[in-house]
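Enquirer: Take this structure first; my questions come after.
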Ligand SMILES: [Zn+2]
């Protein structure tokens, strides 16, 4: 567990393995989604961000 990089009072378990920062559920977003990341396949941030996008635009192809 760590503190969100944008909300210093918020404890969160979501961590960017590549850049080593924590984000809370409000701040979840991959910093550079266009760039290859070796942690991506196991990245909760990338996964949840993708899920969020899906909710907003259900017609969007994954
Ligand atoms: Zn936050």
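Nothing in this text is a laboratory measurement; each read-out follows from the coordinates by a stated rule. Bear in mind the structure is a predicted one, so any value in this text is a computation, not a measurement. Glycine also receives a Cβ, built like all others from the backbone with ideal geometry; neighbour counts cover every protein chain displayed.
Enquirer: Springs between alpha-carbon pairs under 10 angstrom, Gaussian network model over the chain: which of 34, 11, 51 fluctuates most?
Expert: Fluctuation is largest for 34.
Enquirer: For a footprinting-style exposure proxy, rank 17, 1 by other Cβ within 10 Å, fewest first. Intermediate results must be reported in sequence, preceding the final value.
Expert: On the way: 17 15, 1 8.
Going from sparsest to densest Cβ surroundings: 1, 17.
Enquirer: Still on this model: For the chain, what size does the Cα cloud have along each of its three principal axes, sorted from largest down, in whole Å?
Expert: Rounded to whole Å, the extents work out to 36, 24, 16 Å.
Enquirer: Along the Cα→Cβ direction, 7 angstrom out, place labels at residue 53 and residue 29. What is the inter-label distance in nm?
Expert: Computed distance between label sites residue 53 and residue 29 equals 1.3 nm.
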